[in-house]
Amino acid sequence: MRISGSLGAMARTIFLYALALALAATALTWLNYRHAVHAFSTEIYVSLIAICFTALGLWAGAKLTARAAAGPFRRNDAAIRSLGLSRRECEILDRLAAGRSNKEMARDLGISPNTVKTHVARVYEKLEVRRRIQAIEKARWLALIP
């Protein structure tokens, strides 16, 4: 459902760009026929084009820039249950996202590095990934970690 909504928004944006481009082309053609091109200097046209592209860049930047989350992070408990992640595996996942090494995680949690490796391997298996970065990306996508 979410994908179709974003496709509709994308189609609307493309349509608006096409409409703006058509209007600009029509305006330039009209100006050419009215011989207004010869009445103004090149500097004025260059300035007008620069202003238009600046406005377009500001608008695109405002639309495409990521916004902060509306509220505090809420962990997706349903995804945790469906994946079968244990409390300890969630702790390991949090520390993976923080960039901690296996030794640092072992020290923080009071367990051996081999146990950390086992937990990490189980997290990879449950998330169906092969690398730390993939695990972090998928966990963020599933709202398992902030």
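Couple of notes before you dig in:
Here is a yes/no grid of residues against (1) within 30 Å of Ala121 (Cα to Cα); (2) part of a helix (DSSP H, G or I); (3) modelled with pLDDT of 85 or more; (4) more than 23 Å from the chain's Cα centre (by Cα):
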site: Ile14; (1), (2), (3), (4): no, yes, yes, no
site: Ala24; (1), (2), (3), (4): no, yes, yes, yes
site: Leu28; (1), (2), (3), (4): no, yes, no, yes
site: Cys52; (1), (2), (3), (4): no, yes, yes, yes
site: Ala68; (1), (2), (3), (4): no, no, no, no
site: Leu85; (1), (2), (3), (4): yes, no, yes, yes
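- Residues located in the stretch 133-146, provided they are open to solvent by 80 Å² or more (accessible area, probe 1.4 Å) and either touching a helix residue (DSSP H, G or I) at 6+ places or on another chain (Cβ under 9 Å) or among the basic types (Lys, Arg) (or both): Arg140, Pro146
The values are calculated or read from the model by the stated rules, or taken from the named source; none is laboratory data. Predicted model, so just to flag it, every value in this text is computed and none were measured. Backbone-built Cβ (ideal geometry, glycine too); neighbour counts: all protein chains shown. To get the accessible areas, we keep the full protein, side chains included, count just its heavy atoms, and leave off ligands, DNA and RNA. Shrake-Rupley method; radii C 1.70, N 1.55, O 1.52, S 1.80 Å.
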